[in-house]
Amino acid sequence: MSTERVLRWPVTAAEAELAADHLWRRGAVAVGEEVDGERVVLTCAFTDDAVLEAAVGALAHRGATVVEVDDGLDAWREHAEAVHVGERLLVVPTWRASADGAEVVVRIDPERAFGSGAHATTRLVLAELITRVRPGDRVLDLGCGSGVVAIVAARFGASEVTGVDIDDHALAVTVANAARNGVTVTVAASLADVDGPFDLVVANVLAPVLLELAPLVRDRLAESATVVVSGVLHDRWHHVAEALVPLAVTATQTLDGWDAVVLSTPANSVT
């Protein structure tokens, strides 16, 4: 049994969901919860010690510390379960038994990349994706992580799917997961290296990242295109929508304190 250094952070029960997401966005590969009276203790594993130390440094004033635990990086896998997205999609960890009961079953091993399908932002974008992707669409998955969104797009009929992520490991995981699901996903480390036009863009990234990339996203859209944005807190996405003008907001969905926002080009404003 191996020993790993992990971050432990006590928060209130009301803070737990958003605090856990904050840790994911800081580069965590696993986040567990322990109930301790009226508080929740988050235990968070990282693959990179420098990233771990940076997270602890930023959160030390709120009680975050570093401790050593057994099998810190992979303990979450024991508790991972299949995720239903409506009646049409089932995302199953590769180490779980095969499961039926959905039109499309996608099997994913995220390894150290974000995207098991269980996080609220991922479920939001998947729910929007499967209702909007059309046969023959060119789809861009911005912040692809494990590749789950890109793979689902391909399984639901997209003719060409591109995943972008700054993490080289995530790109390798995306390619491997695509192969095990019988589809192809082209990957790139930078949106600047990707050519459009895309009919559908799915961006499950933090708002500051999307604000920075908004001009590149707009430049890669087809005349009639849809953009699905998540990774934004409930009702705190308006500045993101403004950065994507002339796209207009056509729908929003909320889950566990997070929003998915659907925007369309003027030529595709009727949904």
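Throughout, read-outs are computed from the coordinates displayed, never taken from laboratory work. Computed from a predicted structure; not experimentally measured. We place every Cβ from the backbone using ideal geometry, glycine too, and count neighbours over all the protein chains shown.
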Helix 16-25 against the longest principal axis of the chain: what's the angle in degrees, Cα atoms only, rounded to the nearest 10? 70
Suppose we look only past 18 Å in the calculated P(r) of region 96-207. What percent of the Cα-Cα pairs does that tail hold? 43
Go from 0 up to the bin containing the longest alpha carbon distance in the chain, width 5 Å each, and give me the % of pairs per bin. 1, 6, 13, 17, 19, 17, 13, 8, 5, 2, 0, 0
Spatial separation of Cα centroids for region 240-269 and region 130-205, in angstrom: 20
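Return ASP195, ASP109 ranked ascending by Cβ neighbour count within 10 Å, so the fewest neighbours appear first.
Lowest to highest Cβ neighbour count: ASP195, ASP109.
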Below 8 Å, C-alpha to C-alpha, sequence gap of six or more: please give me the relative contact order for the chain in percent. 13
Selection of trypsin sites (Lys or Arg not before Pro), region 179-271, meeting DSSP coil and at most 10 other Cβ within 10 Å: none
What nm value, rounded to one decimal, do you get for the distance between ASP49 and VAL67 when each label is placed 7 Å out toward the C-beta? 2.1
Can you give me the angle between helix 49-59 and the longest principal axis of the chain, using Cα atoms only, in degrees from 0 to 90, rounded to the nearest 10? 80
Ranking SER116, SER230 by Cβ neighbours within 10 Å, fewest first, what do you get? SER116, SER230
When the helix-only estimate is applied to the chain (DSSP H runs of n ≥ 4, each -39,500 (n - 2.57), divided by the residue count), what is the mean residue ellipticity at 222 nm, nearest 500 deg cm²/dmol? -8000 deg cm²/dmol
Run the numbers for ARG180 and ARG96: contour at 0.36 nm per residue of separation, minus the present Cα-Cα distance, in nm. 28.8 nm
Summed over the other residues with a beta carbon less than 12 angstrom from that of VAL152, with K and R at +1 and D and E at -1, the charge totals +2
Just want to confirm a number: the relative contact order over region 124-262, from Cα pairs under 8 angstrom separated by 6+ residues, in percent. 22
